[in-house]
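This report refers to the structure that appears directly beneath it.
The values are calculated or read from the model by the stated rules, or taken from the named source; none is laboratory data. This structure is a prediction, so every number in the text was calculated from the model and none was measured. Here the Cβ is made from the backbone with ideal geometry for all residues, glycine too, and neighbour counts use every protein chain on show.
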Amino acid sequence: METLIVSALQDTKSDDDIYYPDSDGLPMANNTEHLEWITITKHGLESVFAERDDVFVAADLFWYPIKGKPKTVLAPDVFVAIGRPKGARKSYQQWREDGIAPQVVFEFLSESNTTSEMTQKAIFFERYGVHEYYLYDIEHKHLSGFIRFQENDDQLEEIVDMADWISPRLGIRFDMSSRTLVLRKPDGTSFLEYEDYCQLENLLLEERKRANEERKRADAERKRANKEQQRNMRLAAKLRELGVNPDTIS
């Protein structure tokens, strides 16, 4: 899902009344391979920053850089916002995020993307504060990168040589030695392949299912024990009413 314009409201409304949509009703990706790249990259980055609570990674999430302007919006394939807490969001509204723009953006070019569309995206990223922008052409296996070499640079400049390029902010390496992009973590290990990720997800689902069943069994046992205890207490009270001390009964 890639769009630059989403709005159904009049600009005359106050900020409090403005609606910021969180979806345009289009699918996340243009095809299965596009989805695979988005999934691999998002979960790989989440793995890299698993121990940090101040790094937010998102995929296909609407980013609104300016309060009061719902028409100014874009949903990058994947972005990283360093300095922002993890957690669920319906959209990334920058004024609610201490004014922090996503520093790093990944886009995966598929055959349905037009030159005009990608140019608009590049302008958007440059205008609203992205520091690193990586574009991978899935079909032609071509990687491009753009960066602000200085923190206060106005423009993103193309990275001339992307061979074994290491992202200054993420620490990940872009390995093109196999003629296709392999993203590598700071320790050199590659991001999970899509099939491996799916297998891991299935294992995690199975583990959660087993844990849930175990909790249900434990809850049922606690309920049975409580019921048994209550039954014994009622029986003991009845015996006392009849003048029998239940403690003397073996």
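When Trp95 is tested against (1) touching a residue at least 12 places away in the same chain (Cβ under 8 Å); (2) within 24 Å of Val182 (Cα to Cα); (3) of a type in the set (Phe, Trp, Tyr), only condition (2) is not met.
The set of residues from the range 81-126 being of a type in the set (Gly, Ala, Ser), surrounded by 15 or more Cβ atoms within 10 Å (Cβ to Cβ) and within 16 Å of Ala58 (Cβ to Cβ) comprises Ala81, Ser91, Ala101. Here Ala81 fulfils each of the conditions (1) in contact with a Pro (Cβ under 6 Å, 6 or more places away or on another chain); (2) among the hydrophobic types (A, V, I, L, M, F, W, C); (3) at pLDDT below 75 apart from (3). With the requirement that a residue be surrounded by fewer than 17 Cβ atoms within 10 Å (Cβ to Cβ) and either in contact with an Asp or Glu (Cβ under 9 Å, 6 or more places away or on another chain) or part of a loop (DSSP other than H, G, I, E, B) (or both), what does the range 144-161 give you? Residues satisfying the conditions are Ser144, Phe149, Gln150, Glu151, Asn152, Asp153, Asp154, Gln155, Val160, Asp161. Of the residues making up the range 70-105, those that are under 18 Å from Ala50 (Cβ atoms) and of a type in the set (Phe, Trp, Tyr) number 1.
Contact annotation: residue pairs with Cβ atoms under 8 Å, 6 or more positions apart or on different chains, pairing a residue in the range 62-75 that is at positive phi and surrounded by fewer than 22 Cβ atoms within 10 Å (Cβ to Cβ) with a partner that is modelled with pLDDT under 95 and part of a loop (DSSP other than H, G, I, E, B), are Gly68/Ile18.
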